[in-house]
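Enquirer: Encoded as structure tokens, here's the structure I'll be asking about.
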Amino acid sequence: MSHAAQDPRIAQLHAEHIQTCQARAERALSLSGHEALLIASGVEKYAFLDDRPYLFQPNPHFKAWLPLVAHPYSWLLVRPGVKPLLVYYQPDDYWHVPPAPPAGYWVDQVELRVISEPEQALQHLPKDISRVAIVGEADAALQHLIPNNPEALIHSLHWARASKTPYELQCLREASLIGARAHLAARDAFLAGGSEAEIHRAYLIAAGHTDRDLPYGNIVGLNEHAAVLHYQYQDAARPAQSRSLLVDAGAQVAGYASDITRTWTRGDAGSAEFDALLAAMESAQLALVDEVRQGVDYRAIHLSTHRHIARILKAQGLVAMSEESMLAERVTSTFFPHGIGHFLGLQVHDVGGFMASEAGGTRDKPEGHPYLRLTRDLAAGMCVTIEPGLYFIPTLLNKLRATPAAKAVDWAKVERLARFGGIRIEDDVVCRAEGAPENLTRDAFAALA
């Protein structure tokens, strides 16, 4: 999971990243009135009345410092002007493979204490916690070390985390490269006639991942399944005819995620009508990526997407209405019901997307657009997804049929295209201080060409 270590600069990039994390923590402590920050990595959780653990998910505040994504019962103590102290849990366990001894580019950045029992952490952590901010889930508590998650501190850290450090950007680039390679393998498995399950397995093999390693569950939808936004199954049976494939899947490097979606067809005569729609969406998606600029209100990109969708619906002969009328009557929301994207980083839907300022508050979504996940102005270093879609979703189409706009829809064409499910094209994009954005996804596909 530490693919970023392949980069010869990674040790220096991480050292600089730690300096940034330290500065951000010290500012957050000053705002919350605490003297130290204690971060719990988290604990293993078990199924009810069972001894089977769920997949461990580390506290993102913990992995913001260190590439330790499979390390429960560990702690990080941060104090102004002092090297961070890492209490590293390494049990003497013959039932499971314990974490390896601490090693790698990150080790020199912390003061290490290795423990074999969770309770041993108490020997190394503060006895007096009256001025300690403890960040973690409630079940991470260890005797008197009870997470209090001070609001002012959390707001400050989340606000700052939106802008990625050079180390983080390098991890995101490598996650994009792995994801792009796996998407190409998924495409090839589709063209070979594979089932959803077979396509998923081809993706995992190409990524060098197991399901445990994925940043989120892969969406692998053939034909009409591409119209289910968060399609959660992977059918083992091969369909009689594979017309289209939508894959929404990422990869993970040192705790940082890529989030990529591609839509494929066989490109034969039977898909010509859908391919024309796919080409129009490809052009629109690239234009929307180019709107990722410093100072741009992300909400404006979302609204711009609806204008692009309206133009496509009209140009492709699907809806015979003016663009203005389609927007006013929310026809475009039938075909594009989700948001244009979100922050990306340590979490697939990274935190802080709705914050009004470092002090908190909420910046509202545009009226009538409840599913947008990001409402902030863009700034240098922010990594966002740009993922326009155009779908033929039965339940939404049925609602459109009941409106006055229904008479403007070419329902015969809708029925023909509905056999392909829908389209989503998603790139991971970094806002730069000046000029055009960095498209991590397109760069990754280009490197593999």
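The values are calculated or read from the model by the stated rules, or taken from the named source; none is laboratory data. Please read all numbers here as calculations on a predicted model, not as lab measurements. Using ideal geometry, Cβ is built from the backbone for each residue, glycine included, and neighbour counts are taken over all protein chains shown. Just the protein is used for accessible areas: all its heavy atoms, side chains included, with ligands, DNA and RNA removed. Shrake-Rupley method; radii C 1.70, N 1.55, O 1.52, S 1.80 Å.
Enquirer: Of the residues 258, 325, 41, which exhibits the maximal mean-square fluctuation in a Gaussian network model of the chain defined by a 10 Å Cα contact cut-off?
Expert: Checking each option, the largest mean-square fluctuation is seen for 325.
Enquirer: If I compute solvent accessible area with a 1.4 Å probe over the protein chains, what percent of it on the chain is carbon and sulfur?
Expert: 54
Enquirer: A further question on this structure: Got a sec? What order do 424, 311 fall in by accessible area at 1.4 Å, biggest, i.e. largest, first?
Expert: Highest to lowest solvent-accessible surface, that is 311, 424.
Enquirer: Each residue of segment 89-96 in order: what ³J(HN,Hα) in whole Hz does its phi give by Karplus 6.51 cos²θ - 1.76 cosθ + 1.60, θ = phi - 60°, with x for Gly and Pro?
Expert: 7, 9, x, 8, 10, 9, 7, 9
Enquirer: How big is the Cα convex hull of segment 88-239 in projection, averaged over all directions, in nm²?
Expert: Mean orientational projected area (segment 88-239, Cα hull): 13.6 nm².
Enquirer: Quick one: dipole size for segment 400-447, taken about the Cα centre, charges +1 on Lys/Arg Cβ and -1 on Asp/Glu Cβ, in debye to the nearest 20.
Expert: 540
Enquirer: Lys/Arg Cβ at +1, Asp/Glu Cβ at -1, dipole of segment 132-262 taken about the Cα centre: which of 143, 194, 256 is farthest positive-ward?
Expert: Value: 194.
Enquirer: Using only Cα atoms, figure out Rg for segment 28-151 and give it as a multiple of 2.2 N^0.38 Å.
Expert: Segment 28-151 yields a ratio of 1.05.
Enquirer: Right, next: Could you work out the percent of alpha carbon pairs in segment 264-312 separated by over 17 Å, rounded to a whole number?
Expert: So the pairs more than 17 Å apart make up 44 percent of the total in segment 264-312.
Enquirer: For segment 199-285, list log₁₀ I(q)/I(0) at each q in 0.16, 0.21, 0.25 Å⁻¹, using the Debye formula over Cα point scatterers of equal strength and ignoring solvent, two decimals each.
Expert: With one equal scatterer per Cα and no solvent, log10 I(q)/I(0) is -0.71, -1.08, -1.29.
Enquirer: Determine how large the accessible area of residue 416 is when every protein chain is in place; take a 1.4 Å probe and give Å² rounded to the nearest 10.
Expert: Rounded to the nearest 10, that gives 100 Å².
Enquirer: Per 10 Å bin, what percent of the C-alpha pairs of segment 353-449 does each bin hold, from zero upward?
Expert: Pairs per bin, as whole percents: 12, 28, 28, 24, 9, 0.
Enquirer: Report, in debye and to the nearest 20, how large the dipole of segment 27-100 comes out about its Cα centre when Lys and Arg carry +1 and Asp and Glu carry -1 on their Cβ.
Expert: In total the dipole reaches around 440 debye.
Enquirer: Determine the order of 83, 127, 63 by accessible area, beginning with the largest, at a probe radius of 1.4 Å.
Expert: From most accessible down to least: 127, 83, 63.
Enquirer: Counting pairs of alpha carbon atoms under 8 Å apart in space and at least six apart in sequence, what relative contact order in percent does segment 235-342 give?
Expert: Dividing the mean separation by the residue count of segment 235-342 yields 16 percent.
Enquirer: Answer with one residue from 34, 100, 122: the one whose Cα lies farthest towards the positive end of the charge dipole of segment 3-138, charges on Cβ with Lys, Arg +1 and Asp, Glu -1.
Expert: Checked the options; the winner is 34.
Enquirer: Could I ask something else about it? Please build a GNM for the chain, connecting alpha carbons under 10 Å apart, and tell me which residue among 168, 35, 117 fluctuates the most.
Expert: Greatest mean-square fluctuation among the candidates belongs to 117.
Enquirer: Let me ask you something else. Please turn the phi angles of segment 417-434 into ³J(HN,Hα) values with the Karplus equation 6.51 cos²θ - 1.76 cosθ + 1.60 (θ = phi - 60°), one per residue in order, whole Hz, x for glycine and proline.
Expert: My calculation for segment 417-434 gives 6, 4, 5, 9, x, x, 10, 9, 10, 10, 10, 9, 10, 10, 6, 9, 5, 9 Hz in order.
Enquirer: Taking 1 over the mean of 1/r across every pair of different Cα atoms in the chain, what Kirkwood radius in Å do you get?
Expert: Averaging 1/r across every pair of different Cα atoms and inverting gives 23.5 Å.
Enquirer: Is segment 160-214 best put as rounded, prolate or oblate by its Cα gyration tensor, with a ≥ b ≥ c the root eigenvalues, rounded for a/c under 1.5, and otherwise prolate when a/b is larger than b/c, oblate when not?
Expert: Cα axes put segment 160-214 in the prolate bin.
Enquirer: Further question: With charges only on Cβ, +1 for K and R and -1 for D and E, what is the dipole size of segment 127-227 about its Cα centre, in debye, rounded to 20?
Expert: That gives segment 127-227 a dipole magnitude of about 380 debye.
Enquirer: Choose one answer from 146, 260, 39: the residue with the largest mean-square fluctuation in a GNM of the chain with alpha-carbon springs under 10 Å.
Expert: So, out of 146, 260, 39, the one fluctuating most is 146.
Enquirer: With the other protein chains left in place, how much accessible area per residue, in square angstrom, belongs to the chain at a 1.4 angstrom probe?
Expert: So the chain comes to 43 Å² accessible per residue, rounded to a whole number.
Enquirer: Read phi for every residue in segment 236-243 and hand back ³J(HN,Hα) as whole Hz from Karplus 6.51 cos²θ - 1.76 cosθ + 1.60, θ = phi - 60°, with x for Gly and Pro.
Expert: Rounded to whole hertz, the list is 7, 7, 7, x, 4, 9, 9, 8.
Enquirer: Among 274, 56, what's the order by accessible area (1.4 angstrom probe), most exposed first?
Expert: Descending order: 56, 274.
Enquirer: Expressed as a whole number of Å, what is the distance separating the alpha-carbon centroids of segment 38-91 and segment 303-375?
Expert: 35
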